[in-house]
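The values are calculated or read from the model by the stated rules, or taken from the named source; none is laboratory data. Being a predicted model, the structure only gives us computed values, none of them experimental. Note: ideal-geometry Cβ built from the backbone for every residue, glycine included; neighbour counts use all protein chains shown.
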Amino acid sequence: MPGKAVRDRLGRPLLGSPAEGIDPYLPRNGNIGYRISRYELDLEYKVAANRLAGTAIITATALSGLDRFSLDLSGSLKVDRVSVNGKRPAKFTHRSGKLAITLATAIRSGAAFEVVVRYGGTPKPVRGPWGEVGWEELSEGALVASQPNGAASWFPCDDHPSSKAAYQISITTDSPFYALANGRLLRKRVKAAQTTWVYEQVEPMATYLATIAIGPYVRIPVATDPVPISAVLPSRLKNEFAIDFGRQGQIMTAFVDMFGPYPFPEYTVVVTDDPLEIPIEAQGISTFGANHCDGTRDSERLVAHELAHQWFGNSLTLTRWKDIWLHEGFACYAEWLWAERSGGPSADECARKHYDHLVDSCHTGTLGDPGPDQMFDDWVYKRGALTLHAIRIRLDDNMFFTLLRDWCRDHRYSSITTEEFVDFAGHYSSESLRPLFTAWLHTAGLPDFPA
Ligand SMILES: [Zn+2]
């Protein structure tokens, strides 16, 4: 059918008309015709001037014969040079957030190819319905918080969560500053007044979870077992950190027990010198503002929430944004599970409290497809968590936690959909869960409280 996209088993377009877009929630993001397997980003960042210069080496495979293709890259960065398989393309253009490359020699279907993009400029966040996301300049340093479409603010990419790849991120910046990126630190080299930090992220990662944190930080160890945990923060906040994040190791132990093995080699908590409106997850990393580190432990719910995203969102990543409850509903339920496990209110008490708020809120969307304007609304988080509570009540604890652990094990590092979760959960119940899912996911009105 002309112009009709050919889709894979998860509904992602492989071929067809780019006008159809990868995802109706973010129709301008993502690209078709190829699949990226690896990014190597070599970045130089001048803190005082907020100037970024980068070279991106992108390894991809053509899914069809390609004579042209595109990447996402914000217009605040200027492209200096492009090569494909070591050759200049016939032409490239960079407008409206797309770097469009027309090849001198077509790439055959199934062939691997390498794109090198040299670029630079003053990175700025991407403005959209969800505020400003992506690269953010701090008082001293920078951070990246890209959910959902900020990745193109700092590197050329196929900016969609269904496109997961390995990364090597190298950052060269002024020596007094600490520079963190996803993955393991491979090496650190000090040369004159500059330091280069090279990180390798082996497990596949969605673009929005790629991050850097540059600032006046020190690294301190937090726990070694069952997972190495460390903190990267201004040393002035060490004492408060010891209180606010004092139970980080216990939360990790509880989640490993409930969700199965932690999916990455290590976990790092970043606390910025500046306040941040909300904390944000990245792969292997969570970033909090100085305001979340005030010695009151009032933000512990968020400490649990961000850690839970390492399983729900980072290892298991949605295929389309409409399935956002698979990230936020699960992370929110993890908050309630931690409250219960740590001697606070039970998950049932948390569920009851938030159910009553939801009744008052009279939200209108459906959880299985809340719409781009509502996908990060609080009701999506709470109704998603209540959906899990309803499943837990239906199954019993033993079956429910087996379901969560099996879900995480069988879909580790992969792309997931709501339909897959519904099918998967069905195997853990002696009676059909379809009516439950229809009521909670696909009906606007709030079902009765699960009892
Ligand atoms: Zn979240």
Tell me, please, whether a residue that is farther than 15 Å from TYR208 by Cβ, more than 13 Å from the chain's Cα centre (by Cα) and acidic (Asp, Glu) can be found in the stretch 163-175.
yes
For the stretch 106-131, enumerate the residues that are at pLDDT 95 or above and loosely packed, with under 15 Cβ neighbours inside 10 Å.
ALA106, ARG108, SER109, GLY110, ALA111, ALA112, GLU114, THR122
Restricting the search to the stretch 184-208, which residues are in contact with a Pro (Cβ under 8 Å, 6 or more places away or on another chain) and buried (at least 22 other Cβ atoms within 10 Å of the Cβ)?
ALA206, THR207, TYR208
Within the stretch 330-367, track down each residue that is exposed (fewer than 15 other Cβ atoms within 10 Å of the Cβ), among the hydrophobic types (A, V, I, L, M, F, W, C) and on the phi < 0 side of the Ramachandran plot.
VAL359
Could you check the stretch 373-390 and list, in sequence order, the residues that are touching a helix residue (DSSP H, G or I) at 6+ places or on another chain (Cβ under 7 Å) and surrounded by fewer than 19 Cβ atoms within 10 Å (Cβ to Cβ)?
GLN374
Kindly establish whether TYR267 is over 30 Å from ARG28 (Cα atoms) and more than 14 Å from the ligand (Cβ to nearest atom).
yes
Is there a residue being within 22 Å of ASN314 (Cβ to Cβ) and touching a Lys or Arg at 6+ places or on another chain (Cβ under 8 Å) anywhere in the stretch 369-380?
yes
When the residues of the stretch 68-117 are filtered to those that are among the hydroxyl-bearing types (Ser, Thr, Tyr) and touching a residue at least 12 places away in the same chain (Cβ under 8 Å), which remaining residue is farthest from ARG28 (Cα to Cα)?
THR105
Among the listed residues THR317, THR366, identify the single one that is of a type in the set (Val, Ile, Thr) and within 16 Å of the ligand (Cβ to nearest atom).
THR317
Take the residues of the stretch 287-308 that are surrounded by fewer than 24 Cβ atoms within 10 Å (Cβ to Cβ) and not in a helix (DSSP H, G or I): which is nearest to the ligand (Cβ to nearest atom)?
SER299
Would you point out the residue of the stretch 245-286, among those that are in contact with a Leu (Cβ under 7 Å, 6 or more places away or on another chain) and polar (S, T, N, Q), that is nearest to LEU307 (Cα to Cα)?
SER286
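Identify all residues within the stretch 320-355 that are of a type in the set (Phe, Trp, Tyr), within 16 Å of the ligand (Cβ to nearest atom) and more than 19 Å from ALA210 (Cα to Cα); write none if there are none.
TRP325, PHE330, TYR333, TRP336, TRP338
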Go through (1) of a type in the set (Gly, Ala, Ser); (2) crowded, with 18+ Cβ neighbours inside 10 Å; (3) over 17 Å from the mean Cα position of the chain (by Cα) one by one and return the number of the condition ALA152 breaks.
(3)
Where THR443 falls short, out of the listed (1) touching a residue at least 24 places away in the same chain (Cβ under 8 Å); (2) surrounded by 14 or more Cβ atoms within 10 Å (Cβ to Cβ); (3) more than 23 Å from LEU337 (Cα to Cα):
(2)
Selected residue (criterion: surrounded by the fewest Cβ atoms within 10 Å (Cβ to Cβ)) from residues of the stretch 270-286 that are within 11 Å of the ligand (Cβ to nearest atom) and part of a loop (DSSP other than H, G, I, E, B)
ILE278
